[in-house]
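Below you'll find the structure, written out as structure tokens, and then a few comments.
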Amino acid sequence: MMVRVLIQFSLALGAIVLSSTDVYASERGWTTGWTIVDSYTLPEDASGLAWDGADLYCGIYGVNGRNIYRINPDTDAYSLAFIAQQEDAFGLIYDGDDFWVSRYYEDPGHLYKLTNTGTIFNDVNGN
């Protein structure tokens, strides 16, 4: 249940960040019913988005793929939260205690449970 709620919440946050969705839908005569209420500056190559109740977090793919950034929604400022052990952070959620980061390559993909300092606590192999 917690993961389902976090995924739904993460999808809702995507509506806040990705303003092109309404433009794309509008150009095609579609109605999304969404309203953009805020947007934030993210680091280049940001990937994944999590919320801990106070701050947003995003991972990075590519160069500096181990970096997890904290985004202050009040100031629109971001800073390095920690450097994790995974190679890239393609998906990111927070379960109330720890972060979960996904990696889809090399096959099979992996899901890592990270401590708040970036240490891999658990590695769930995609097999």
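What follows draws every value from the coordinates through simple rules; no lab data is involved. Predicted model only: the values in this text are computed from it and were never measured. Methodologically, a virtual Cβ is constructed for each residue, glycine included, from the backbone with ideal geometry; neighbour enumeration extends over all protein chains shown.
Just grab the label-to-label distance for I120 and D98, each label 7 Å out from Cα along the Cβ direction, in nm (one decimal).
About 1.3 nm separates the two model spin labels.
Separation between the E87 and K113 pseudo-spin-labels, each 7 Å from Cα along Cα→Cβ, expressed in nm?
A separation of 2.4 nm, rounded to one decimal place.
Semi-axes of the range 45-90's equivalent ellipsoid from the Cα gyration tensor, sqrt of 5 times each eigenvalue, largest first, rounded to whole Å?
On the way: eigenvalues 68, 18, 15 Å².
Ellipsoid semi-axes (Å, largest first): 18, 9, 9.
By how many nm would the segment from E44 to D76 grow when fully extended, if each residue of separation counts as 0.36 nm and the alpha-carbon distance is taken off?
Details: separation 32, 0.36 × 32 = 11.52 nm, distance 1.47 nm.
Answer, rounded to one decimal: 10.1 nm.
Per residue of the range 40-51, what does 6.51 cos²θ - 1.76 cosθ + 1.60 with θ = phi - 60° give for ³J(HN,Hα)? Whole Hz please, x for Gly and Pro, Karplus curve as stated.
Computed from phi, the couplings for the range 40-51 are 9, 6, 10, x, 4, 6, 5, 8, x, 8, 9, 9 Hz.
Grab the beta carbon distance between V63 and W34, set R0 = 35 Å, and tell me the FRET efficiency rounded to 0.05. Can you show the working numbers first?
Numbers: r = 32 Å, r/R0 = 0.92.
After rounding, the FRET efficiency stands at 0.60.
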